Amino acid sequence: MSEQPHRLMEIKNLKKSFPLQTGFLGTGGTETVIAVDDVSFYIESGETLGLVGESGSGKTTIGRSILRAIEPTSGSVHFEPREGEAYEVTGLSNREMKAVRPHMQMIFQDPYSSLNPRMTVRDIIAEPLVVNKLLKGTDIDKRVLEVALRCKLNVEHLRRFPHAFSGGQRQRIGIARALVMHPRFIVCDEAVSALDVSVQAEILNLLGDLQEEFELTYLFIAHDLSAVEYISDRVAVLYLGRIVEIAPSKELFFSPLHPYTSALMSAIPAPDPDSPMQPIILKGEIPSPINPPSGCHFHPRCQFVQTECKTMRPELKEYKPGHYSACHFSDVMELPGASELGESSSIRTSKIRSSN
Amino acid sequence: MSASSISTENMSTSAVTAKESEEALRYYSATQWQLIWWRFRHHKAALFAGTVLVVMGLCGLFASFLSPYSAVNRDKNYLLGPPQMIQFWDQKGFSLRPFTHGVTTKRNPTTLRREAKVDPDVRRYIEFFAHGDSYRFLGLFKTDIHLFGVEEGYLHLFGTDDLGRDLFSRTLFGTGTSMSIGIIGVVIAFILALFIGGVAGYAGGWIDYTIQRFTEIIRVIPVIPLYMGLAAAFPKEWTTMQVYFAMTLILGLVGWPTLARRIRGQILSLRDEDYVVAARVAGAGAPRIIGRHLLPAFTSYIIVDLVISFPYMVLSETALSFIGLGLRPPAVSWGVLLQAAQSIRTIQHAPWLFIPAIFVVVAVLAFTVLGDGVRDAADPYSVSEG
C-alpha cells in the first residue's frame, strides 16, 4: 500500500426509516419501519469491512444509503477518497454528488437484474465513464478493454449482450463496471451470494486481487459468514438495524463479545462432518422492525438477559483495542466463538487459492 | 493467484471461443430488434397478417391511383348495380385482354326493383394506366392516370351504391380514411399515455396518486355515451376535414388511460431494478435513466399495446360513423360506407354494399394476429436468460 491508511469513510448516526401506509387509500395512518437505527462506524482506506446480519437487518440499506442510492433519513457520511479531499456525502445536492460518484461504486447481488439486458457489455462497462464525461472517444474503449481484461473478460465479450453470459461472467461484468472509473471505495452488496460456491471463490479471489492492484476499499455485505471471514479485515455484525459488534475478523470469529455474534459463530457448520457442533439455538424469530423490542433489540432472544437489557439501549463501546460491542455485559461475559472454523476454514481457503 | 493459473484460464476461454459457432456469436451480439425480428419471422400467421395490413395501408395511401374513379363520380345508368365480373371469354370467344360487358340498371315496372341488364354485345376492355378523374397524387402533383379503367363507360368491381358511385373506389378511399384515423388516434393516445403514465410512474408519491384517480375517473365513463356526447358537440357547419381531425382527437382522448396505466406500471416496476440503481450510482441523471434504461426495457410492450389497440380505434370509428355520429358524407370511411348497408332492403337487394365490412373484419383480424405474433416475439430475453 503506497499511502498511509486513513479513515476513508466515517458514518455517524446513520438512520433510515421507511413509512408504511396501511388501510384503504392509506387512511389507516402510517407506521415506520426503521431499517437502519443510528449506526456509526468507520472504514480505513485499503481495508475490507465485512457487514453481516440476517435478512432484514438493514445491510443493504446501509450500503445504499452510503452511496446515496437511497436517501438516508438522518446521519452523516464523511468520505475522504484521498487525503485532503473530503466530502460530506449526505449533505450534497445531486449536482455536487457528481464529483463524488467516480470515487465510490457498487457491485450488486443479482448478476441477472443488475445488467441492462438491452445494452452490450461494452456499453454497460462504459456507462459510468460516459455519464460522468471522464473520458472521450477511443479512450473510453481503451479503458473498457483494460478493465474487462483485468476482470477476465475477453474482447469478443464486449460486443455481446448480457443474456449470453453465465452468472459468474455477469458478475465480472458488474465488477468491471464498478471498477472502470478507478474508484477508491466499492460497496459489494452480497456480491457472491447468488453464485455457485466454486464461482464464489473465483469472484472472491478476483476481488482480493483487484483490491491490491487498485488500492480499493470494500464494504463487503454478506450473510455468508465464511465468505466474510475470508475476505474481510474487520467485520461488523448487524441486528435489526443496529450494529451489535465490530472487531477485526479473527477476533470477532473466535472471541466474540456479544451474545448474538457468539450464537452466529456457533452456527457455522464445520467442513469436517465428525466435528461436534454445538450451535447455540436462539429462541424465536428476528423481531419485526416495525415494532422493535425495547432496550437492547436482542433481549427477547438472549440467554443472558437481565432486567436492564429490557429498558436501556446498550451503546457500542470499545472493550478491547478495535473491538466494539453493544452489550451491557461484554466486559464480564466469556463467550464461545467459532473454534472449529479456525483450522478448517484456513485449510479451505488455502485450497480455494491454490485451485485457482 | 499464480501466473500458471492465469494462462490456463485464458487457454480454456479461447478454446471455448473457438468452439462457438458463427451462429452463437451472431446470437450473442444481436440487438433487441434483431432478436425480435428473428423470432417474429417464425410466426407465419403474424407475418402474413402483417403483409395484409401493409397491403391495405398501401391501398389506402394510393387509393386515388388504384381506384378507377373518384369517390363521388356517379354512373347514372348503373344505380345500385351488382359487381361486374372481369372476363376473358364469352359467346364471341376468347380475348387476351380482360373485359367486362356493358351494363345498365333499369327499374322493373312490376316489382319496382332496380335490375341490372347485361349487354353481351358490348365488350369493355380493361386498360391499364387509363386516364380518368383527375386528382392530386399524394397531394404533390395533379394527374388523371389510374391504375386501370375502361375506355368507355364504367367498370364496377364491387358494384355501385344507390347514387351510382363505384363501391370499389369508395372502399379504397374508406380504407385510407379509417386506417389513418386509427393510426392518428393511436398516436395521440400513445403520446398522452406516455406523458401521463411516465410522469406518474417516475415521480410516484402524491403525483402518481392524483393521476391514477384521474385516470380511473376517465375509465369509468361508459365509452359509447361519451363518444356520442363528444361527437354531437361537433358544429354542423364543420368541414369534413375538421370533423376528421376532431374524430381522431376524440378517439385518442378516450383511448389513453389503459395504455397510460401500463406504462406507469412498467416504469414503476423497473425504477428499482438493480441496473437502474447501478446507473444512478454511476451518476446518470433522470433523462438518461428514462431514455436509456427505462424506455428501451418496455418499447416492445408498447408496440404490442399499440398494435392491439389499433383495431379498437378502427372499430370505434366505424361504429360511430355507422350510427351517424362520426364522419359524415361526403367523407368516405368504412363506417360511412356501411351506413348505406343499414336497411333490410339493402341486405335483400344489394348485398354487395357489405363488402366494406369484409375489409373491417380482415383488418381487425390481421391486427389481432399481428399483435399476437409481436407479443410472442417482443421479449427476446424472457427465454434466453442463463
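Every read-out reported here was derived from the displayed coordinates using simple, explicitly stated rules and does not represent laboratory data. Note that the structure is a prediction, hence the values are computed from the model and not measured. Backbone-built Cβ (ideal geometry, glycine too); neighbour counts: all protein chains shown.
Working note: Karplus 6.51/-1.76/1.60 with θ = phi - 60° gives segment A:108-116 the couplings 9, 5, 9, x, 8, 8, 8, 10, 5 Hz, where Gly and Pro are set to x. Please state, to two decimals, what the Cα-based radius of gyration of segment B:170-378 comes to when divided by 2.2 N^0.38 Å (N = residues). For segment B:170-378, the normalised Cα radius of gyration is 1.20.
Under the combined filter of DSSP loop state and at most 10 neighbouring Cβ atoms within 10 Å, segment A:258-327 retains these trypsin sites (Lys or Arg not before Pro): A:LYS283. For segment A:7-232, the pair-distance distribution built from all alpha carbon pairs, in bins 5 Å wide starting at 0, is 1, 7, 14, 17, 19, 16, 12, 8, 4, 2, 1, 0 percent. For A:LEU51, the residues 5 or more places off, or on other chains, whose built amide H falls under 5 Å of its own are A:PHE220, A:ILE221, A:ALA222, A:ALA236. When B:SER67, A:SER55, A:SER76 are arranged by Cβ crowding within 10 Å, least crowded first, meaning fewest neighbours, the order is A:SER55, A:SER76, B:SER67. When B:TYR312, B:TYR78 are sorted by how many other C-beta atoms sit within 10 angstrom of their C-beta, beginning with the fewest, the order is B:TYR312, B:TYR78. Shape call for chain B from the C-alpha gyration tensor, a ≥ b ≥ c root eigenvalues: rounded (a/c under 1.5), prolate (a/b greater than b/c) or oblate? Verdict is oblate for chain B.
Helix A:121-131 and the long axis of chain A differ in direction by around 80°, with both axes built from C-alpha atoms. In the protein assembly as shown, inverting the average of 1/r over every pair of distinct C-alpha atoms gives 31.7 Å as the Kirkwood radius. The lysine pair tally for segment B:29-130, using Cα distances under 29 Å and a gap of 8 or more places or different chains, is 6. Qualifying GluC sites (Glu not before Pro) in segment B:150-217, where qualification requires a DSSP coil assignment and no more than 12 other C-beta atoms within 10 Å, comprise B:GLU151, B:GLU152. Pairs spanning more than 28 Å between alpha-carbon atoms, out of A:LYS98/A:LYS317; A:LYS12/A:LYS133; A:LYS59/A:LYS133; A:LYS15/A:LYS320: A:LYS98/A:LYS317; A:LYS12/A:LYS133; A:LYS59/A:LYS133.
Taking the fewest neighbouring Cβ atoms within 10 Å as the starting point, the ordered list for B:VAL54, B:VAL362 is B:VAL54, B:VAL362. Let me test this: with uniform point scatterers at the alpha carbons of segment B:74-165, what is the Debye-based log₁₀ I(q)/I(0) at q = 0.18 1/Å? Evaluating at q = 0.18 Å⁻¹ gives log10 I(q)/I(0) of -0.86. Here the Karplus curve 6.51 cos²θ - 1.76 cosθ + 1.60, taken at θ = phi - 60°, turns the phi angles of segment B:293-299 into couplings of 10, 7, 4, x, 5, 10, 4 Hz, with x standing for Gly and Pro. Close amide H contacts of B:HIS101 (hydrogens built in the peptide plane, cut-off under 5 Å, sequence separation of 5 or more or a different chain): B:ARG124.
Suppose only helical runs count, i.e. DSSP H with n ≥ 4. What mean residue ellipticity at 222 nm does that imply for the protein assembly as shown under -39500 (n - 2.57) per run, divided by all residues and rounded to the nearest 500 deg cm²/dmol? When only DSSP H runs of four or more count, the value is -14500 deg cm²/dmol.
Under a 5 Å amide H cut-off, with hydrogens placed 1.01 Å from N, B:GLU115 pairs with B:LYS106, B:ARG107, B:ASN108 among residues at least 5 apart or on other chains.
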